[in-house]
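Read through the structure below, which is laid out as structure tokens, and then see the notes.
The values are calculated or read from the model by the stated rules, or taken from the named source; none is laboratory data. Values in this document were obtained by computation on a predicted structure and should not be read as measured data. Every residue, glycine among them, receives a Cβ derived from its backbone with ideal geometry; neighbour counts consider all protein chains shown. Keep in mind that these areas ignore ligands, DNA and RNA; they rest on the heavy atoms of the full protein, side chains included. Shrake-Rupley method; radii C 1.70, N 1.55, O 1.52, S 1.80 Å.
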Amino acid sequence: MEHIISVDQLTKRYKDLTAVDHISFQVRPGEIFGILGPNGAGKTTTLEMMEGLKVITEGDAVINGISVKQHPRQVKHIIGVQLQSSSFYDLMNLKELLEFFGSLYGRKVDGMALLTKVELADKWKSRAKELSGGQRQRLSIAVALVNDPLVIFLDEPTTGLDPQARRHLWALVRDIQKAGTTLILTTHYMEEAEVLCDRIAIMDSAKIIAQDTPTGLLKLIEQKATIKFQVKNHLDIAPLKQLAAATDVNRMKDTITISTSHVQDTLKGLIEYDLTHPVHFTDLQVHEVNLEDVFLNLTGKTLRD
Amino acid sequence: MKPFLSITLTTLKMLFRNNQSLFFTWFLPLCLMLIIGYVTRSNDVSIRLGVVYDHANTNAQTIVDAMSAVDALEVTADTKELETAALQDNKRDLVIEIPNATPNEITVYENPSNPSQSAIGKMIVQQFFQPPATVTFITETISSKPARYIDFLVPGIISMTIMQLGIFGTAFAIVDAKQKGVLKRVIATPIRPWQYVLGNMLARLILSMTQAGILITVAWLVFDVHFNHWSWLLSLIVLGNIVFLSLGLFVSGLAKTVESVPVLANLIAFPMLLLGGIFFPTDSLPDWLKLVVEKLPIAVLADLMRSTVTLDKGLSEVYVQLLILIGWAVVTLFLANSFFRLQERD
Ligand SMILES: Nc1ncnc2c1ncn2[C@@H]1O[C@H](COP(=O)(O)OP(=O)(O)O)[C@@H](O)[C@H]1O
Ligand SMILES: [Mg+2]
């Protein structure tokens, strides 16, 4: 099978708002597929329709050959779900919790083995509310694993986590992928999408505006890098737009950002310009282009606002 | 394990681990029963004896005079109709009839609400008919209203706990799970909504029966309250739970946040607690109010349950009440089904 997930014209309309607007994408078996977009883009709604939790207004999602619209219960059997805001019963310990969720799938699960997998074995006696943010996310991934799913959905698994906990979770996600499971995750961290995902769909205002591999997405825009520096004076930025290979120039307070399709040419031009019209720049930095730039370029907005 | 069974067992486990709710559902009603029971316990040991006899019968008159002299007996004499009616109203513990025609065949009418008073009274009375006169006692039981306040109170308190646990317990737990998002995660599994709801309700029914069992046992040990007709009592507990668990689901459907649960639940439960004839009979209420109040599910449930304590009424005597309670079960099930959704539809 080429695609394990096939989403076709999926749409969700609320009374006066279209939260997801005719989106389509495919996911290959064993892939980590990311949906990257700002808050309110429609990521959670998309996932919850695919999980059979929200009524689909239009279109359909087919997972492992099963239509979510027609057989939501069958789909639930083969998917693992981590919700964006996950909380659990507080009167059970972690091991009991996993075994309870297993039983809801009609399965007898080894709670300790699952907890070991997500490195929470020593916490088995704790209650969910006693866990740290990162531990709770790992618990909810363990819950998503109780039915040995073919596909796992993770909705913003690292939002609100510190960098260390985030990396820890990335490692866990990769482990799950290595075991042959397909993963779909949403995020609004471009770095996360870039390092973790095999392919990414960029979503904004209910629509998918681009989808490709991370490198493929970076090629979408002409720009290859950004050059940033600080100035103290009221520099006129119009002449900078004439620099070789410069595609865009922005000023935010004292920070000037030049987008470029060829770093060397633009840098050379900038230094030559400085000789004749002293800019007095400090703190010069060159950044490779990233998904943030792609998003900015495609939507005119930043990912986090 | 089957999902349904697992939900029931897990819910039960959580119910027993929830110390706060255990306090309110078990400890509090028990304390209430013990305190009210002790405060209102009567020290009155005199036995109210009614005698039916022909005043022209001098033999009988002698016996009655002798009995009247006994301190422990409070003797009244009247016609059979009036005396047995007084027993039904619980104004007699024992009524004896000394017939003219067959003076050696004494009929004894016992008051089942006051079994110990009746028994003691009968023993005392028998002393007056000692040999050489060979007297046969024909014992009959006449059903009566609950005699002692404690017999009235205990079924009321059991009904109250069924109501409180059914409405508050259910609504708090379900709305909390909904608000925290736990329910959404449960719905993301292939479980069917009815399995979840019924599994949950079954656990609550088991808790409620355990609780009733404790109250019944303590009432029996401490206050000598006798429940009879066990299968009948059990059916009433189940039926009562159907009504109040459904109301709990109804409130869960209306309440959007845990904070609004007590408000909505009290709107339903508080009038019943106050007026439903739990702690005092509805007799003293104005007629128009009584008419309404007597049909509240709590009043009907408590009344039916009282009929298993002391009354010897057969089904035929309480079938109207029973029909009303079944009617309530139908209505509340309908309300639960119309207003409660495990998953919000959008
Ligand atoms: N139940 C709902 N009723 C109405 N609007 C909703 C509902 N759920 C989500 N939305 C709206 O749909 C849009 C997409 O939301 P969501 O899918 O949660 O975005 P994301 O997960 O990307 O942050 C938002 O504008 C949100 O306000
Ligand atoms: Mg979201």
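From most to least packed by mean Cβ count within 10 Å, the peptides B:269-278, B:28-37 give B:269-278, B:28-37. Counting Lys and Arg as +1 and Asp and Glu as -1 over every other residue whose Cβ lies under 11 Å from the Cβ of residue B:294, the net charge comes to -1. For the range A:225-288, the fraction of 1.4 Å probe accessible surface lying on carbon and sulfur atoms is 54 percent.
Volume per residue of the convex hull around the Cα atoms, evaluated for the range B:249-342, comes out as 123 Å³. Residues whose amide H falls under 5 Å from that of residue A:210, counting only those 5 or more places apart or on a different chain, are A:202, with hydrogens built in the peptide plane. Using only the Cα atoms of chain A, build the gyration tensor, take square roots of its eigenvalues as a ≥ b ≥ c, and label the shape rounded, prolate or oblate: rounded if a/c is under 1.5, else prolate if a/b is larger than b/c, else oblate. Since a/c reaches 1.5 and a/b is larger than b/c, the shape of chain A is classed as prolate.
Using a probe of 1.4 angstrom, how much of the accessible area of the range B:47-141 is carbon and sulfur, in percent? Accessible surface attributable to carbon and sulfur in the range B:47-141 totals 53 percent. Here the 3J(HN,Hα) profile of the range A:149-160, calculated from phi with Karplus coefficients 6.51, -1.76 and 1.60 at θ = phi - 60°, is x, 7, 10, 10, 9, 10, 9, 6, x, 10, 4, x Hz, Gly and Pro shown as x. Summing charges over all other residues whose Cβ lies under 14 Å from the Cβ of residue A:229, with Lys and Arg as +1 and Asp and Glu as -1, gives +1. Applying a DSSP loop filter and a limit of 15 other Cβ atoms within 10 Å to the GluC sites (Glu not before Pro) in the range A:175-227 leaves A:222. Computed about its Cα centre, the charge dipole of the range B:47-141 is approximately 160 debye, with only Lys, Arg, Asp and Glu carrying charge at their Cβ. Scanning chain B for GluC sites (Glu not before Pro) that sit in a DSSP loop and have at most 16 other Cβ atoms within 10 Å, the longest stretch containing none of them is B:1-258. For chain A, set up a GNM with springs between Cα atoms under 10 Å and report which of A:128, A:201, A:245 has the largest fluctuation. Comparing A:128, A:201, A:245 in a Gaussian network model of chain A, the most mobile one is A:245. Interface burial in the range A:98-117 reaches 30 Å² or more for A:100, A:101, A:103, A:104, A:105, comparing the full protein assembly with the chain by itself; accessible area from heavy atoms with a 1.4 Å probe.
Peptide A:86-95 has a mean of 5 when you count, residue by residue, the C-beta atoms of other protein chains within 10 Å of its C-beta. The gain in end-to-end length when the residue B:74 to residue B:256 segment is fully stretched comes to 59.4 nm, 0.36 nm per residue minus the alpha carbon separation. The ratio of the alpha-carbon radius of gyration of the range A:58-188 to the globular-protein estimate 2.2 N^0.38 Å is 1.04.
The antiparallel fraction among DSSP beta bridges confined to the protein assembly as shown stands at about 55%.
Amide H contacts for residue A:20 (H built 1.01 Å from N in the peptide plane; partners 5 or more residues away or on another chain; cut-off under 5 Å): A:12.
For the range B:156-300, a/c is not less than 1.5, where a ≥ b ≥ c are the root eigenvalues of the C-alpha gyration tensor, and a/b does not top b/c. That puts it in the oblate class. Taking all C-alpha pairs of the range A:225-288, those more than 18 Å from each other amount to 21 percent. Taken along the Cα-to-beta-carbon direction at a fixed 7 Å, the label points for residue B:232 and residue A:8 span 6.5 nm.
Seen from all directions on average, the range B:221-265 presents a Cα convex hull projection of 4.8 nm².
For the range A:42-114, the set of trypsin sites (Lys or Arg not before Pro) satisfying both a DSSP loop assignment and a count of at most 13 other C-beta atoms within 10 Å is given as A:108. Accessible surface for the protein assembly as shown, divided over its residues, is 46 Å² per residue with a 1.4 Å probe. Each Lys and Arg adds +1 at its Cβ and each Asp and Glu adds -1 at its Cβ; summed about the Cα centre, the range A:225-288 shows a dipole of about 140 debye. The count of lysine pairs in the range A:1-108 that are at least 8 places apart or cross chains, and whose C-alpha atoms lie under 15 Å apart, stands at 8. With the Kirkwood sum run over all distinct C-alpha pairs, the range B:47-141 has a hydrodynamic radius of 13.0 Å.
Over chain B, DSSP H runs of length four or greater, each weighted -39,500 (n - 2.57), average out per residue to a 222 nm ellipticity of -20000 deg cm²/dmol. Tell me which DSSP H helices of chain B clear both cut-offs, 30 Å or more of axial length from alpha-carbon atoms and a mean Kyte-Doolittle hydropathy of at least 1.6. Both cut-offs are met by B:230-254, B:315-339. Solvent-free Debye calculation, one equal scatterer per alpha-carbon of the protein assembly as shown: log10 I(q)/I(0) at 0.08, 0.11, 0.12 Å⁻¹ equals -0.76, -1.07, -1.18. Taking the Cα centre of chain B as reference, the dipole from Cβ charges on Lys and Arg (+1) and Asp and Glu (-1) amounts to some 2500 debye. In the range B:47-141, a dipole from Cβ-located charges (positive for Lys and Arg, negative for Asp and Glu) runs towards its positive end, and of B:72, B:101, B:56 it is B:72 whose Cα lies farthest in that direction.
Computed from protein heavy atoms with a 1.4 Å probe, the total accessible area buried between B and A is close to 2700 Å².
A straight Cα-to-Cα reach below 14 Å connects residue B:13 with the aspartates and glutamates A:90, A:96, A:99, residues fewer than 8 places away in its own chain not being considered. Cross-link partners of residue A:232 among lysines, defined as those whose alpha carbon lies under 16 angstrom from its own and excluding same-chain residues fewer than eight positions apart: A:253. Computed over chain B, the alpha-carbon pair-distance distribution with 10 angstrom bins reads 5, 22, 26, 19, 13, 8, 5, 2, 0, each value a whole percent. Note that the range A:59-72 has calculated 3J(HN,Hα) couplings of x, 7, 10, 10, 10, 6, x, 10, 7, 5, 5, 8, 10, x Hz, one per residue in order, obtained from phi through the Karplus relation 6.51 cos²θ - 1.76 cosθ + 1.60 (θ = phi - 60°); glycine and proline are x.
Here's how it looks for residue A:248: its modeled amide H is under 5 Å from those of A:259, which are all 5 or more places away or on a different chain.
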